[in-house]
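All remarks here apply to the structure that follows.
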Amino acid sequence: QIRLEVLVNIGRACRSEGCNLGELRKRGVTLGQVRSFVKRFSNDLESGMTSRSVIEQLVKPFCKPRKCSYVEMVAENSQLPQIYVSHIWDSPFLETMSSLEWYAEARGLSDSTVLFFDLFSRNHHAAASNK
């Protein structure tokens, strides 16, 4: 029941105008922001779609107007990561999300838990040396 209430209310909080964060180490993304991404793009997330495809087909177009990271589009200010998310870019994104949700539930993580998740934290429009 609680999980259903959380899922229904994702994204209903105040919408951010975004921010500019120079340093990668300040570009943590909250668990709630990741969940909001999944909800926002639920119609576009195909089964078997890899993280690499999610970046190319969803993250980059969403961030194109500002040529920034996803977190800079949705955060109000810098967010220092508490947890590092390691994943394989060619694995199915929804399987990565299932694993993350399992971990979050097992650890009792709240939506405000800040992650370093390169898919959302890195600027995929910048040169490789300046992400």
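The values are calculated or read from the model by the stated rules, or taken from the named source; none is laboratory data. None of these values were measured; they are calculated from a predicted model. Here the Cβ is made from the backbone with ideal geometry for all residues, glycine too, and neighbour counts use every protein chain on show. Quick note on the areas: whole protein, heavy atoms, side chains included, nothing else; ligands and nucleic acids left out. Shrake-Rupley method; radii C 1.70, N 1.55, O 1.52, S 1.80 Å.
Among the conditions (1) open to solvent by less than 90 Å² (accessible area, probe 1.4 Å); (2) modelled with pLDDT of 95 or more; (3) out of contact with any Leu (no Cβ under 7 Å at 6 or more places or on another chain), residue 21 misses just one, which is (2). Annotation for the stretch 99-112: no member residue is among the polar types (S, T, N, Q), free of Cβ contacts under 8 Å to residues at least 60 places away in the same chain and in contact with a Gly (Cβ under 9 Å, 6 or more places away or on another chain). Residues in the stretch 92-125 that are open to solvent by less than 30 Å² (accessible area, probe 1.4 Å), polar (S, T, N, Q) and modelled with pLDDT of 95 or more: 96, 113. Inside the stretch 78-88, can you point out the residues that are under 26 Å from residue 19 (Cβ atoms), open to solvent by 70 Å² or more (accessible area, probe 1.4 Å) and either in contact with a Cys (Cβ under 7 Å, 6 or more places away or on another chain) or of a type outside the set (S, T, N, Q) (or both)? Result: 80, 84.
Residues in the stretch 63-80 that are closer than 17 Å to residue 32 by Cβ and more than 12 Å from the chain's Cα centre (by Cα): 76, 77, 78, 79, 80. Confirm whether residue 68 is in contact with a helix residue (DSSP H, G or I) (Cβ under 8 Å, 6 or more places away or on another chain) and surrounded by 19 or more Cβ atoms within 10 Å (Cβ to Cβ). No: the conditions fail for residue 68.
Of the residues 119, 115, the single one that is touching a residue at least 60 places away in the same chain (Cβ under 8 Å), part of a strand (DSSP E or B) and under 12 Å from the mean Cα position of the chain (by Cα) is 115.
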